[in-house]
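Below is one structure; the comments refer to it alone.
Just so you know, all these numbers are worked out from the coordinates, no wet-lab data involved. Since this is a predicted model, take the numbers as computed values, not measurements. Virtual Cβ from ideal backbone geometry, glycine too; neighbours counted across all protein chains shown.
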Amino acid sequence: MRAVIQRVRSASVMVEDRIVGAIGQGILVLLGVEKGDGEQDALRLAEKIVALRIFEDEAGKMNRSLAEVNGELLAVSQFTLAGNCAKGRRPSFDSAAPPAEANRLYDSFVEAVRALRIPVATGVFQAMMQVTLVNDGPVTFILESPARPVPLGRGTRGDALH
């Protein structure tokens with residue numbers, strides 16, 4: 001699973017000119033499900049996002065979690081996060097989970113967040129959606145479960161130069 005998370009002051013999602021989900025302060029999660037992802041990935045990602053300390057404390061440091069600020073979460077399914085743009089000019093979606101499996105795991109993620117006592121709003125799976133947000137910071141992170149290794153680049157530890 002791959003998630004782009006954004007700390008927001010507010011966010012909403014519309015389908016066919018109707019707001020279907022909206023939150024105040026919290027986290028917008030764009031969630032992509034890939035082949036091979038399972039229930040444990042959904043649970044692990046939900047726990048990580050809820051516990052991630054990305055909200056400011058009294059000293060202005062990112063030291064508080066979603067739960068600690070009584071925040072909300074808006075979960076929007078986004079299969080394009082499974083897109084691979086490495087070759088050619090058209091993304092490949094070969095690694096995206098089939099729709100039925102992706103929907104099941106998206107629902108598992110949402111239920112795992114709710115089980116952690118976080119208010120959750122959602123989009124509509126496979127619908128054309130318009131997402132509106134007020135990014136707070138801006139603060140944006142990319143999370144993956146299972147965690148994939150970060151490729152080493154030039155000048156980093158493990159590079160042939162070292």
Helix-only [θ] at 222 nm, the chain, -39500 (n - 2.57) per DSSP H run of 4+, per residue, nearest 500, equals -6000 deg cm²/dmol
For segment 96-102, in residue order, the Karplus 3J(HN,Hα) values (coefficients 6.51, -1.76, 1.60; θ = phi - 60°; whole Hz; Gly and Pro = x) are 5, 5, x, x, 4, 5, 4
Along segment 78-84, Karplus-curve 3J(HN,Hα) (6.51, -1.76, 1.60; θ = phi - 60°) to the nearest Hz, with x for Gly and Pro, reads 8, 5, 5, 5, 8, x, 10
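Of all GluC sites (Glu not before Pro) in segment 1-84, which ones are in loop regions per DSSP and have a Cβ with at most 13 other Cβ atoms within 10 Å? Mind showing how you got there, number by number?
Values: sites: E16, E34, E39, E47, E56, E58, E68, E72; in loops: E16, E58, E68.
In loop regions of segment 1-84 (DSSP not H, G, I, E or B), the sparsely surrounded GluC sites (Glu not before Pro) are E16, E58, E68.
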Each label sits 7 Å from Cα toward the beta-carbon; between T140 and E68 the label points are separated, in nm, by 2.5
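Just subtract the alpha-carbon distance of K61 and F125 from 0.36 nm times their residue separation and send over the number in nm, one decimal.
19.5 nm
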Ranked output for segments 110-120, 127-137 by mean other Cβ atoms within 10 Å, highest leading, reads 110-120, 127-137
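Order by neighbour count: L45, L30, fewest other Cβ atoms within 10 Å first, most last.
So the ranking, lowest neighbour count to highest, is L30, L45.
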Taking a ≥ b ≥ c as the square roots of the eigenvalues of the Cα gyration tensor, with a/c under 1.5 meaning rounded and otherwise prolate when a/b exceeds b/c and oblate if not, the chain is oblate
